[in-house]
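The values are calculated or read from the model by the stated rules, or taken from the named source; none is laboratory data. No experiment lies behind these values; they were computed from the predicted model shown. Virtual Cβ from ideal backbone geometry, glycine too; neighbours counted across all protein chains shown. Surface accessibility is based on the protein's heavy atoms, side chains included, excluding ligands, DNA and RNA. Shrake-Rupley method; radii C 1.70, N 1.55, O 1.52, S 1.80 Å.
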Amino acid sequence: MRVSEERIPVRDGGWLAATLYLPDESSGPQPCLVEALPYRKDDLTSSYAEGYRSLCDNHAYAVCRIDVRGTGSSPGDALDEYPEAEQRDLPDALAWLAAREWCDGQIGMWGTSYSGFNSLQIACERPPELKAICAIFATDDRWTDDVHWRGGALRLVDLVDYCHYMTPMCVLPPVPAVWGDDWYDEWLRRLEINQPWVLTWLRENRSGAYWNHGSVRLDGTTSGYERIGCPVMIVAGWADGYRNNSFRAVAELARHGVPHRLLAGPWAHADPSTAMPGPRIDFEAELVAWFDHWLRGSGEHENRCDVFVRTSTRPEVDLDLHEGSWVTLPSVPPVVPVTLDVAGPRALEVVPDVGTTAWIDCAGHLPWGLSGDQNLDDARSLTWDLAAPSAPVVGYPTLRVGVSASAPAASFSVKLCDVFPDGTSALVSRGTLDLAYRDDVHGSPSPLEAGAVYHVDVVLDACAYSWSPGQTLRVSIAGADWPNTVTPPGPVSLTVHEASLTLPLLVGSFPEPTFDAGAQRSSESPEGVGWEFHHDVLARTTTATTRSDSRYRTPYDGTARELYLGEVAVGTRTFAQRAHADAVYELSWPGIEVTVRSTMTVDVTPTSYDVSIRTHAVLGSQSISERSWQESIPR
């Protein structure tokens, strides 16, 4: 294997920093697999190189890892996630790679999360060299299913995770050994021009053109999938926030004649070979088989959904193995809708800190953890215990509800749970909705009329689940899903006048796929991480804090430290909310020590998001940059 650093030219005269992993020349020209990320290939995600090397050494693929524009060791301005420039740069990079003498002209793109998103985005651009993609834990709809908004409500705890740490990450310097002697000048330029992405995400608090950009699904309709012109493999995890880009996307790909495969397992937002919970599979084998067929013409392909159907398992926040079994389903699983009555009327005074026992949607692995016993939340919610269906639920459950509120602003949260004979309650699926978006989550919000009854459809997250004999299905309804999303702006009561739950029940029998086993145990470790809740009885506040601290060696004789601290709080009487985040990056290379620290506070008021951000950069012991931003963004 040959490893080299390259500068790939793009149309505006710039270039992208890339690392190439090339098979031995005796192999001749080979297809190239591409992953493009903003997460710094030469330090913060240098551990990914192990996977690139395996694809090259064990499967004879050329592999290219790219730092996207303005990040890591690539020049330019990092203006936002998935900018238009990136969707021009990457097709240019694919064309350049396909023309190399070591490449046979065929390109595949793949990746997890961000690189799953841009794999879908570039597939929509239809570059002729791109023959197939694999999008892992990504989504087709940035407004409803990303880390920013859910059901029209702000995702609160995600503010102290990705939404904040991209601010300091984007102003880290390029790696001196890759960039060259003037790395320091480029660092100063980044520190001077970069703006926090989170400000844009908070300003864009309505569905529309901004969120359509980078989405396959446009305005929540089926429009958009026709842009994809190459085979698509989608990987989803039932313990991950990006689970809804599963059945609906595959159905649309099938409708447009696009070859496809869905692989949906029990996993959180991590490699299916090592993720929590299992069962884990040898995911590299599945990835290689996909690309071998479409880039090398080997093996057979059928459009299908390989789905892990979970069965009743006692919940643990660090669950290592979920019970269940695999089935292979057609592109549109055959289901029969069965509707259950949820009797009313029943009223509820909304408790703002309901939701703490459920996993955090877009970060299901440590430090956030998986879902625990839902009884604490169930006790402060309206619950209905129903006979569990005998067939598996496969798809998107929907609650049709007639609901009224005592105030102009209210939220609605519904969970499906699996209740054990001893009362233990395990989360199956959930849906949340800011009732201002009761007519259409992609439409315009409008206040409620206090006391008026509205008929609302709440679509729950995609799932594949079968209740074991003796278990009970529980419907749990609350007026908050905190800290996953923000609470209503003030005290409010809800009345459920009537409701019905429609479950898509699988019919028929189906074969079971076979997979090579992944790791015996999850790679998740509690070392350096924390996830705690604190209830201040007299102050009447609930606070959630998170911590993640790691140190490791990096290429070019470097070291790195990543420290993430977060805190979100809600007043249990006032409903006032605050998010505070602190992220520190320490990077070193011989003779160079860099520290960038960023803090952010967001006060969520009834009318605004009041944001304060400060970044501080240090070289050795010398302070070289301090910047701050303050903005009050109307809700």
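List of remarks:
- The portion of the accessible surface of the chain made up by carbon and sulfur, rounded to a whole percent, is 49 (1.4 Å probe; DNA, RNA and ligands excluded).
- Extension gain for the segment SER500 to ARG346, taken as residue separation times 0.36 nm less the Cα-Cα distance, is 54.1 nm to one decimal.
- Projecting the Cα atoms of VAL419, ALA18, GLY241 onto the charge dipole of the chain (Cβ charges, centred on the Cα centre) puts VAL419 farthest toward the positive pole.
- The stretch 324-374-the stretch 470-521 distance, computed between alpha-carbon centres (Å): 2 Å
- Residues in the stretch 80-114 that a label on GLU25 would reach, taking backbone N under 14 Å of a point 7 Å out along Cα→Cβ: 101-103
- Net charge of neighbours whose Cβ lies under 11 Å from the Cβ of GLY28, counting Lys and Arg as +1 and Asp and Glu as -1: -4
- Full extension of the chain segment joining THR356 with THR328 gains 6.6 nm, where the gain is 0.36 nm per residue of separation less the Cα-Cα distance.
- Residue among GLY105, THR71, TYR82 farthest towards the positive dipole end of the stretch 68-142, charges placed on Cβ: GLY105
- Radius 11 Å from Cβ of ASP461, net charge of other residues (Lys, Arg +1; Asp, Glu -1): +1
- Theoretical gain in end-to-end length, TRP629 to ARG189 [0.36 nm per residue, Cα-Cα removed]: 156.6 nm
- With the cut-off at under 15 Å, measuring from each backbone N in the stretch 493-521 to a point 7 Å along the Cα-to-Cβ line of GLU300 picks out 511-514.
- As an equivalent ellipsoid, the stretch 356-491 spans semi-axes of 26, 17, 15 angstrom, where each value is the square root of five times an eigenvalue of the C-alpha gyration tensor, largest first.
- Put the Cα centre of the stretch 19-34 next to the Cα centre of the stretch 35-102 and the gap is 15 Å.
- Net charge of Cβ neighbours under 10 Å - reference SER598; Lys, Arg +1; Asp, Glu -1: +2
- Label-to-label distance for ASP57 and GLN622 is 4.1 nm, based on points extended 7 Å past Cα in the beta-carbon direction.
- Convex hull volume per residue in cubic angstrom - Cα atoms of the stretch 287-341: 150 Å³
- Considering the stretch 29-76, its Cα convex hull presents a mean projected area of 3.4 nm².
- For the chain, share of DSSP beta bridges that run antiparallel, in % to the nearest 5: 80 percent
- Over the chain - Rg/Rh using Cα atoms and the Kirkwood inverse-distance radius: 0.96
- Kirkwood Rh in Å, taken over all unlike Cα pairs in the stretch 139-197: 13.6 Å
- Alpha-carbon centroids, the stretch 561-635 and the stretch 272-294: separation in whole Å: 36 Å
- Cα centre as origin, Lys/Arg/Asp/Glu Cβ charges: the stretch 225-371 dipole, Debye: 420 debye
- FRET E, pair ARG547, GLU101, Förster distance 51 Å, beta-carbon r, rounded to 0.05: 0.55
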